[in-house]
Amino acid sequence: MKNYDEQRAFALLQKIGFTRVAGSAEEEKAAEILKAECESFGLSAQIEPFEIEEGVVEATLEILEPYRKEYTVRGYQCAENTPADGLTADFLYVEDGVPANLTAAKGKIVLVNGFLRVPLFKTLMAAGVAGIVTMDGSLRDKRDETDLHQRKLRAQLRRFGNVPAVMVRVADAMEMVASGAAKARITLKNENRTLTSHNVMATIPGTEHPEEVISFGAHYDSVEFSKGVFDNGAGSVIIMEAARYFMQHPPKRTLQFNWYGSEEIGLEGSWAYVNTHKDELKNHKFMINVDVGAPILGSDGAGVTADEDLLHFVDYFFKIKGLPVKTRQGIYSSDSIPFADNGVPAINFTRFGSQGASFIHNRFDTMEFLSAEALGKTIRNVIVFSDEIVNAEVFPIEKKIPEKIKDEVDNYLYKKEMAELDKEEEKK
Ligand SMILES: [Zn+2]
């Protein structure tokens, strides 16, 4: 018997299907909608604020030699300011920033492939570059549809140094390289400030083991330009439908439902939750995360950030139920990471689009490629699985994170690099 309503969930998805950037008024509006939805079926919810850092940034990039042209750019938030008249330097394309790319990079404005992650940024700082240009979008985008996303030099990166950084369209980057750009000027003016983002939280107390907590999580923020329905309005309404189900079928264990803000800028909502509620985490047995869902063409998956025993159980479980769910073991770049880092194992439910049939983190993440029926598949998986787990006679999932998963989490958080920095700072 079907015990969920995918049409209701899809209608809620439509309702929150507007751009909801971390710390914006729209993100807060979505939080209010989620809270009201909880209350519509008798579940009281709280909105918990937390602070995020942001910058208001103005930036320009001009190629000065061998041709002159100004390009549209987005400046990196929290990147270092240039002097008012700009930073002028030789321009060099250093590709992926491997050592042979960087022998002549000192003092130059360098163009790199892709985004700034810790290893690349660390290498660029060590090479003594004066400024950084990264690229965004795709050559196949129409020019007026290539959105330049706001990026931030995160605090973690800034520990290695700070220089002015801007982002250009990938088509413009290609033009610079093809035209032999040799000298450039960047201007960047950043004003740092603090914004407030929000988590929405609701609890259904357990009837038999109220001290044992299982948390459901989904982030409800989006990136700029995106309606964020596939990523991750879908997950938000999927756990809402699970909450509605468990209000009608009281669970043996306590269920905590969390809708996280600011996931897209570095899992900030779930970090805020685990840090604010650290003393409660000892009662948390397991986390059930849902991030991406509802593409008409796609497939369902479950990634286990836990022991292999759970992987096998989940795999057998869905086979026994005759439900198509691809299983794997490992971390997932989403709100289950802060839980795993705090020793709480997790499962990540996803429904990714098939090749070419879904879009993420851009203006093409819209309702057009989603359906209620497809959304319902993941709702069903989440409810069928969690109903079994939260009502277990003996809770079967051991609260431990195996070594290889710990390593994955540590790599994801660049713990080794951060520990090296700590050591260096101690020496000083
Ligand atoms: Zn997401």
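The angle separating the long axis of helix 6-15 from the principal Cα axis of greatest extent in the chain is about 30 degrees. Taking the Cα centre of the chain as the origin and placing charges on Cβ (Lys, Arg +1; Asp, Glu -1), which of Ala9, Val390, Ile204 is farthest toward the positive end of the dipole? Positive-end residue among those listed: Ala9.
Against the criterion of solvent-accessible heavy-atom surface with a 1.4 angstrom probe, His312, His209, His284 sort, most first, into His312, His209, His284.
Straight-line reach from Lys377: taking Cα to Cα under 18 Å and skipping same-chain neighbours fewer than 8 places apart, the lysines in range are Lys2, Lys319, Lys321, Lys326.
In order along the stretch 410-417, phi translates into HN-Hα couplings of 4, 5, 4, 8, 6, 5, 4, 4 Hz, rounded to whole numbers, per the Karplus curve 6.51 cos²θ - 1.76 cosθ + 1.60 with θ = phi - 60° and x for Gly and Pro.
Spin-label model, Val384/Ser354: points 7 Å from Cα along the beta carbon direction are separated by 2.0 nm.
Calculate the length of the line joining the C-alpha centroid of the stretch 157-214 to that of the stretch 227-247, in whole Å. The distance from the Cα centre of the stretch 157-214 to that of the stretch 227-247 comes to 24 Å.
Counting charges near Val292 (Lys, Arg +1; Asp, Glu -1) among other residues having Cβ under 15 Å from its Cβ returns a value of -3. Rolling a 1.4 Å probe over the protein heavy atoms gives the chain an accessible area of 44 Å² per residue.
Charge dipole of the stretch 313-355 (Cα centre as origin; +1 on each Lys and Arg Cβ, -1 on each Asp and Glu Cβ, all else neutral): 300 debye, rounded to the nearest 20. Couplings 3J(HN,Hα) for the stretch 81-88, derived from phi with the Karplus relation 6.51 cos²θ - 1.76 cosθ + 1.60 (θ = phi - 60°), are 6, 8, x, 4, 8, x, 10, 10 Hz, where x marks Gly and Pro.
Rounded to the nearest whole Hz, the Karplus-based 3J(HN,Hα) values (6.51 cos²θ - 1.76 cosθ + 1.60, θ = phi - 60°) of the stretch 31-46 follow the sequence 4, 5, 5, 5, 4, 4, 5, 4, 5, 5, 10, x, 9, 7, 10, 10, with x at glycine and proline. Mean residue ellipticity, 222 nm, helices only, the chain: the sum of -39500 (n - 2.57) across DSSP H runs of n ≥ 4, divided by residue count and rounded to 500, is -9500 deg cm²/dmol. Apolar share of the accessible surface for the stretch 272-417: 52 percent from carbon plus sulfur atoms, 1.4 Å probe. A dipole drawn for the chain from +1 and -1 charges on Cβ atoms has a positive end, and of Leu310, Leu267, Tyr76 the residue lying farthest that way is Tyr76. The trypsin sites (Lys or Arg not before Pro) of the stretch 102-143 that meet both conditions, a loop assignment by DSSP and at most 15 other Cβ atoms within 10 Å of the site Cβ, are Lys106, Arg117, Arg140, Lys142. Normalised by the number of residues in the chain, the mean separation of alpha-carbon contacts (under 8 Å, six or more apart) gives a relative contact order of 19 percent. Ordered by 1.4 Å accessible area with all protein chains kept, Arg380, Arg363, Arg68 run largest first as Arg68, Arg363, Arg380.
Per the Cα gyration tensor, the stretch 282-360 maps to an equivalent ellipsoid with semi-axes of 23, 17, 9 Å, ordered largest to smallest. Our compactness index for the stretch 115-209, the C-alpha radius of gyration over the empirical 2.2 N^0.38 Å, is 1.58. For a straight C-alpha distance cut-off of 16 angstrom, the lysines reachable from Lys252 (same-chain residues fewer than eight places away being disregarded) are Lys285. Pairs of Lys residues in the stretch 67-181 are counted when their Cα atoms are under 26 angstrom apart and they lie 8 or more places apart or on different chains; the count is 10.
Taken along the Cα-to-beta-carbon direction at a fixed 7 Å, the label points for Asp96 and Lys404 span 2.4 nm.
Within the stretch 67-181, all pairs of alpha-carbon atoms sorted by distance into 10 Å bins from zero give the percentages 14, 48, 33, 5. Placing +1 on the Cβ of every Lys and Arg and -1 on the Cβ of every Asp and Glu, with nothing else charged, gives the chain a dipole about its Cα centre of roughly 620 debye. Hull volume per residue, based on the alpha-carbon atoms of the chain and their convex hull, is 151 Å³. Of interest is the spacing of the C-alpha centroids, which for the stretch 1-74 and the stretch 271-288 amounts to 24 Å.
For the stretch 67-181, the Cβ-based charge dipole about the Cα centre amounts to some 400 debye (Lys, Arg positive; Asp, Glu negative; other atoms uncharged). Can you give me the % of accessible surface on the stretch 190-264 that is carbon or sulfur? Probe 1.4 Å, all protein chains present, nothing else counted. Reported share for carbon and sulfur atoms: 49 percent.
The values are calculated or read from the model by the stated rules, or taken from the named source; none is laboratory data. Only a predicted model underlies this, so the values are computations on that prediction, with no experimental measurement involved. Quick reminder, even Gly has a Cβ in these numbers, built from the backbone with ideal geometry, and neighbours come from all protein chains shown. These area figures cover heavy atoms from the full protein model, side chains too; ligands, DNA and RNA do not enter into them. Shrake-Rupley method; radii C 1.70, N 1.55, O 1.52, S 1.80 Å.
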